1. Does the stretch 74-86 contain at least one residue that is touching a Leu at 6+ places or on another chain (Cβ under 8 Å), modelled with pLDDT of 80 or more and under 21 Å from PRO116 (Cβ atoms)?
2. Kindly check whether there is at least one residue in the stretch 57-65 that is small (Gly, Ala, Ser), at pLDDT 80 or above and touching a strand residue (DSSP E or B) at 6+ places or on another chain (Cβ under 7 Å).
3. Anything in the stretch 94-135 that is β-branched (Val, Ile, Thr) and either open to solvent by 70 Å² or more (accessible area, probe 1.4 Å) or within 18 Å of the chain's Cα centre (by Cα) (or both)? List them, or say none.
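The values are calculated or read from the model by the stated rules, or taken from the named source; none is laboratory data. All figures in this text were calculated on a predicted structure; none of them were measured in a lab. So basically every Cβ, Gly included, is an ideal-geometry build from the backbone, and we count neighbours across all protein chains shown. What goes into the accessible areas is simple: the full protein's heavy atoms, side chains included, and nothing from ligands, DNA or RNA. Shrake-Rupley method; radii C 1.70, N 1.55, O 1.52, S 1.80 Å.
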Amino acid sequence: MIFRDALDRRCVRRLRAQLAGAPVPRHVVIAMDVYTDGPRQPAGRTGAGQRYGPEHLDAVLGWCAGAGIRRVTVALGRSSAARYPLEMVERVVAQRLTHPAHRWRLHLAGGLDALPDATRRALWLAEEVTGSRSAGYELTVAVGSTEQLDAGRSGQDMVYRPGFRQVQFLRALRAYAMRATMPA
């Protein structure tokens, strides 16, 4: 683990240098789905990916901002919403996104009615608190909305699963930059 972390840090520095001035996508979509975020668990138990997705979001937003990506959508499938550990989403939103130093403005889309009342209230409050932010960073939480995922596959945008590491994110940006600069 220590070796992998050291190797990741070295790769991150190298990739950042390679990406200086390279084109980046305008929009990143993070598809949170309990069946693809981590191993399946018996009913009532939380898999590693389920725990990691919401907690990892703040780091991913930082990576995006650092790369110049100002628009991120977190797509939570309607079927996943019923099984996702949404108290974690509430905590992440309440503790991080609504903090005055955070620069992302929250927008909500899709079938919020699929969420528990407490989660819906936390998201609505965060949308209200962040609504006046003008830094130009837009985070959309989309529940059961396939439009965001379809837009994310347009070639102008990128789609990720939440369990990825920073080095994987930067490698994907490098691949995107290479495709964007290829002659048609």
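1. yes
2. yes
3. From the stretch 94-135, those β-branched (Val, Ile, Thr) are 98, 119, 129-130; that's our starting set.
Across the stretch 94-135, the qualifying residues are THR98, THR119, THR130.
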